[in-house]
Amino acid sequence: MSKFRLSPLMFRKIHKWVGLVLGLQFILWTLSGSMMALLDKDKVRTHGSHDMAAHGHVLPQGDYFDPAKLAEHGPVLGVNIVDLMGYPVYEVRTPRGVKLVDATDGTLVKVDPDTATYVAQMMLNAPVASVEPMARPNLETRDHSGPMWRVNFADEDNSTGYVSAQTGRFLELRNDYYRTWDFFWMLHNMDYANRASFNHPLIIFVAFGTLWLSITGFYLLFKSFNKNDFRWLRRRKKPVIRVIKEAA
């Protein structure tokens, strides 16, 4: 039974096919990186900052519902008073999630399509085409959790605003520029499922494949040369001329 031996020819064949596969990924890295650099970053960020504080209202003065009575709705972990559509609302954090309570009379507040539309239009003043409920985040809102409203705008960029169905807070504003950027980001970090991490098994495998390609490349480089290839580096010796004097 013959022993398996990795000869230079075997290394060369493996190196060739691994180089082809990784070379295709190098092309995708170059293409995706170039496209992300060419896209307008301000349009990708979708109309600038998403800071809702810049669109807030001054809370009205008057008697507010006693926060101590909020425990009637169940255990309370924390309470914030926030502005929702110009009205003061208690944002009550409970073990089961967040509840909104009217800060003036203590009634529960529900984030309905009209509320979601109002909040979304504070970030983008454009006509609304439709409002859709979402039970869970999608790829465009992968950094958030919980149910939300998707507000589709009828503008030239096909913008979409996302509003939390629990807190009424504005989450994200996306458009076609962002979606194009996000597609090339997926190709660049090779996270085809979540588009969020560059530290996953596939890209680690490619990294080790690139390292192996480099090591075998150096090995094959030295195996491809012999002494005769470096003859031109040798210095030619000058001929020695001997002068023989005849005896007088």
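Listing for the model above:
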read-out: Sole exception among (1) closer than 17 Å to THR160 by Cβ; (2) in contact with a helix residue (DSSP H, G or I) (Cβ under 9 Å, 6 or more places away or on another chain); (3) not in a helix (DSSP H, G or I) for VAL92, by number; value: (1)
read-out: Residue under evaluation TRP181, criteria (1) more than 30 Å from LEU22 (Cβ to Cβ); (2) in contact (Cβ under 8 Å) with a residue 40 or more places away in the chain, criterion not met; value: (1)
read-out: Output for the stretch 154-207, where each listed residue is on the phi > 0 side of the Ramachandran plot and either out of contact with any His (no Cβ under 9 Å at 6 or more places or on another chain) or among the basic types (Lys, Arg) (or both); value: ASN158, GLY168, ARG195
read-out: Which numbered condition LEU139 fails, given (1) without any contact (Cβ under 8 Å) to a residue 40 or more places away in the chain; (2) closer than 24 Å to MET186 by Cα; value: (1)
read-out: Count of the stretch 85-126 residues which are among the small types (Gly, Ala, Ser) and touching an Asp or Glu at 6+ places or on another chain (Cβ under 6 Å); value: 1
read-out: Looking only at the stretch 85-97, and only at residues there that are among the hydrophobic types (A, V, I, L, M, F, W, C) and modelled with pLDDT of 90 or more, the one that is nearest to the chain's Cα centre (by Cα); value: VAL92
read-out: Residues of the stretch 35-65 satisfying the condition of being exposed (fewer than 10 other Cβ atoms within 10 Å of the Cβ), at pLDDT 60 or above, farther than 21 Å from ALA126 by Cβ and not β-branched (Val, Ile, Thr); value: ALA37, LEU38, GLN61, GLY62, ASP63
read-out: From the options ARG150, ARG136, residue that is more than 24 Å from LEU38 (Cβ to Cβ) and surrounded by 18 or more Cβ atoms within 10 Å (Cβ to Cβ); value: ARG150
read-out: Residue among LEU22, LEU100 that is at pLDDT 90 or above and on the phi < 0 side of the Ramachandran plot; value: LEU100
read-out: Residue match in the stretch 99-113 (condition: in contact with a Lys or Arg (Cβ under 8 Å, 6 or more places away or on another chain), over 21 Å from VAL163 (Cα atoms) and in a strand (DSSP E or B)); value: no
read-out: Condition met for TYR162 (more than 25 Å from LEU38 (Cα to Cα), surrounded by 15 or more Cβ atoms within 10 Å (Cβ to Cβ), among the aromatic types (Phe, Trp, Tyr) and in contact with a helix residue (DSSP H, G or I) (Cβ under 9 Å, 6 or more places away or on another chain)); value: yes
read-out: Residue tally, condition in contact with a His (Cβ under 7 Å, 6 or more places away or on another chain) and farther than 16 Å from ALA116 by Cα, over the stretch 126-145; value: 0
read-out: Long-range neighbours under 8 Å by Cβ, at least six apart or interchain, first residue more than 23 Å from GLY62 (Cα to Cα) within the stretch 97-119, second assigned to a helix (DSSP H, G or I); value: VAL119/MET52
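The values are calculated or read from the model by the stated rules, or taken from the named source; none is laboratory data. These numbers come from a predicted model, not from an experiment. Ideal geometry is used to build each Cβ from the backbone, glycine not excepted, and the neighbour counts take in all protein chains shown.
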